[in-house]
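Below: one structure, written as structure tokens.
The values are calculated or read from the model by the stated rules, or taken from the named source; none is laboratory data. The model shown is predicted, which means the values in this text are computed figures rather than measured ones. Reconstructed Cβ throughout: ideal geometry from the backbone, glycine too, with neighbour counts over all protein chains shown. These accessible areas exclude ligands, DNA and RNA; they are computed on the full protein's heavy atoms, side chains included. Shrake-Rupley method; radii C 1.70, N 1.55, O 1.52, S 1.80 Å.
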Amino acid sequence: MRKIVLAPLCALITVAVAACSPSGPEQTNPELAPRGTPMTKVKPTRQDLTTKLSISGKVEMNPTFGLVAPVAGQVRYFDVPAPNGTPTKPIRVATVWKDQQPNYVEAPAGSTFSGRLVDDKAAVTAGMPIASAKHVGYAIVGDIDGQQAYKINGALTDVVVQIKNGPGPFPCAVLGTIAALPQGTVPEKPPATPDTKDEKKDQPQPPQQPQQQPQQPSASTGLRLVCTAPADVQMINGATASIEVTTGKSAQALVVPVEAVAGQQGKGKVDVIQPDGSRRTIDVVLGLTDGKVIEVKSGLTGDEELAVPGPNLPEGQQQGGDQSKPTGP
């Protein structure tokens, strides 16, 4: 009797299992959305955006910095005598002539001329280092790599320094250019020619001046930033410091999360969510970024809904705008 009852039951279980088993290809996990499905929607917002870059530095005595040509033209140098003390006024070291007009290049007060960086009468471009100068006293010097150079080249008006375990933060006034400098040259004065006129032989000669030490030309330098602290900041030669440069400011910028953008530096793409839920990829022009949000300078009105993550781009176009996260001092 027991065998008769169990047989139909086993048959029912076999049929039920067979009915639940898939007969076609393996099904996808229903909890995972298909690739490309927007998981998050965001809207652009407006905020003040400031980008900063931090570099390592130290306190140095008498550092060298470069003076650049203010315009493109022909450079003509002045014969700059060796100073008897620390100059209290700017020293004119060269002129760049353009359209028959002089454009003077001066070493600032508190510094001395230390070398010519190009030949006299050479054609130069605007912003090219043409002379070197030496700051007399303490300054902050920070080494810069090539990637940082283009970010901070036009942003040297807002520099703040913190000396490790010392004074700061305090504003630091930048001297000259951040460009690498070649070795400077200081031309020697031509030897004095004796007076051979008979009528001057018997005239009394002025007393000889003590011979000055020959001026030492500047050595070559790499990319670096040189800036001076306020007079009341105590300096110790060799002390380490952190230099923070504000590289950009934008008031009430239209920003989106960096994850919503794909593309190349300066331009990119975003996916706009349509009313029917589909995506439409559009081009945008990118601006500043603090590593969390990025400025959209054009391409969006601010009313759109964007998909996060952004669009998938072909290999080689994955990098968006400069999205490196800056670090503070």
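Any chance the range 185-195 includes a residue that's modelled with pLDDT of 90 or more and either assigned to a strand (DSSP E or B) or outside the structural domain of PRO129 (by the TED database) (or both)? Yes, some residue in the range 185-195 is modelled with pLDDT of 90 or more and either assigned to a strand (DSSP E or B) or outside the structural domain of PRO129 (by the TED database) (or both). The single condition among (1) open to solvent by less than 10 Å² (accessible area, probe 1.4 Å); (2) modelled with pLDDT of 90 or more; (3) touching a Lys or Arg at 6+ places or on another chain (Cβ under 9 Å) that VAL226 does not meet is (3). Looking only at the range 155-170, decide whether some residue is over 19 Å from PRO217 (Cβ atoms) and hydroxyl-bearing (Ser, Thr, Tyr). Yes, there is a match, as at least one residue in the range 155-170 is over 19 Å from PRO217 (Cβ atoms) and hydroxyl-bearing (Ser, Thr, Tyr).
The C-beta contact set for the range 60-76 (first residue over 27 Å from ASP143 (Cα atoms), second residue in a loop (DSSP other than H, G, I, E, B) and not charged (D, E, K, R), distance under 7 angstrom, 6+ apart or interchain) comprises ALA72/THR125; ALA72/ALA126; VAL75/ALA69; VAL75/VAL118; VAL75/ALA122. For first residues located in the range 151-179 and at positive phi, partners that are open to solvent by 40 Å² or more (accessible area, probe 1.4 Å) and not hydroxyl-bearing (Ser, Thr, Tyr) and lie 6+ apart or on another chain with Cβ distances below 7 Å form the pairs GLY168/GLN162.
For the range 275-290, give me each residue that is within 30 Å of VAL141 (Cα to Cα), open to solvent by 20 Å² or more (accessible area, probe 1.4 Å) and not aliphatic (A, V, I, L, M).
Keep residues of the range 275-290 that are within 30 Å of VAL141 (Cα to Cα), which gives 287-290.
Those still in the list that are open to solvent by 20 Å² or more (accessible area, probe 1.4 Å) too: 287-288, 290.
Across the range 275-290, the qualifying residues are GLY287, ASP290.
Taking residues in the range 105-118 that are within 20 Å of TYR138 (Cβ to Cβ), and partners anywhere that are crowded, with 23+ Cβ neighbours inside 10 Å and of a type in the set (Phe, Trp, Tyr), the pairs with Cβ atoms closer than 9 Å and at least 6 places apart or on different chains are ALA107/PHE113; SER111/PHE65.
Please return the ranges of strands (runs of 3 or more DSSP E) entirely within the range 209-307 where 2 or more residues are among the polar types (S, T, N, Q).
Correct list: 240-257, 279-289.
Of all residues in the range 244-274, those satisfying the criterion of being open to solvent by 20 Å² or more (accessible area, probe 1.4 Å), modelled with pLDDT under 90 and farther than 30 Å from PHE170 by Cβ are GLN264, GLN265, GLY266, LYS267.
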